[in-house]
Amino acid sequence: MNFLDNLHAVLISISIAILLPITVYWGVSSVYACPNWRDFNLEYTQEPDADEAQNDIRLAAWEEAKKPFNKALFSTATLIGLLLIVVGSYSPIKALSIGLLAGGLFTFLMGLTVNPGIALLNFVIAALILMIIIVSLMIQRKS
C-alpha cells in the first residue's frame with residue numbers, strides 16, 4: 001500500500017469513528033427531545049446578590065426534565081456501542097474494522113457518561129464487559 005491508500009484508510013476510519021456517536025445521539029434525540037437549558041431560564045452570574053436559590057430550583061427542574069432523554073441515550077448508546085465493537089472485530093476490511101471499533105467505543109462511552117451520578121460504577125461494569133467481549137473475540141479468532 002502506498003501513502004495515499006494508507007491516508008485514505010485512516011480518513012475513512014476517523015470519519016466512521018466520529019459519525020457513529022453523532023448519529024446515535026441524533027437518533028435518540030429525534031425520539032426523546034432533550035430539554036433546552038434556556039427553557040428553564042438558567043443564567044449563572046458572578047454578581048454577589050444573584051438569587052442562588054432560584055437558580056438551584058431551576059437547575060433541579062432541568063435535571064429532572066433531562067432524565068427520560070438520558071435514560072434512553074444510556075440504554076441505546078451502550079447497546080449500539082457494544083454491537084458496533086462486535087461487528088468491527090469481525091469486519092475483514094481494515095479501515096472499516098478500525099472505524100467501527102473506535103466508533104463503537106466512543107458511542108459506548110457516550111452512553112455511560114450521560115448519568116454522572118453512577119458513572120464510575122457504570123464505567124467499571126462496562127470495562128469488565130468490554131474486556132470479556134474483546135478477549136473472547138480474540139480467542140475465537142486465533143482458534
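The values are calculated or read from the model by the stated rules, or taken from the named source; none is laboratory data. Fair warning: this is a prediction, and the values are worked out from it, not measured in the lab. No Cβ is skipped: glycine too gets one built from the backbone with ideal geometry, and neighbour counts run over all protein chains shown.
Of all residues in region 80-101, which are of a type in the set (A, V, I, L, M) and outside any helix (DSSP H, G or I)?
93
Could you check region 65-94 and list, in sequence order, the residues that are crowded, with 19+ Cβ neighbours inside 10 Å, of a type outside the set (A, V, I, L, M) and under 18 Å from residue 136 (Cα atoms)?
Within region 65-94, 81, 88 qualify.
So for region 38-45 (the condition being at pLDDT 85 or above, assigned to a helix (DSSP H, G or I) and of a type outside the set (Ser, Thr, Tyr)), does at least one residue qualify?
No, region 38-45 contains no residue that is at pLDDT 85 or above, assigned to a helix (DSSP H, G or I) and of a type outside the set (Ser, Thr, Tyr).
Being aliphatic (A, V, I, L, M), at pLDDT 85 or above, closer than 22 Å to residue 103 by Cα and within 16 Å of the chain's Cα centre (by Cα) narrows it down to one residue among 24, 31; which is it?
24
I'd like the full set of residues that are surrounded by 11 or more Cβ atoms within 10 Å (Cβ to Cβ), modelled with pLDDT under 85 and among the aliphatic types (A, V, I, L, M), limited to region 99-132.
Hits for region 99-132 are 109, 112, 114, 118, 119, 121, 125, 126, 127, 129, 130.
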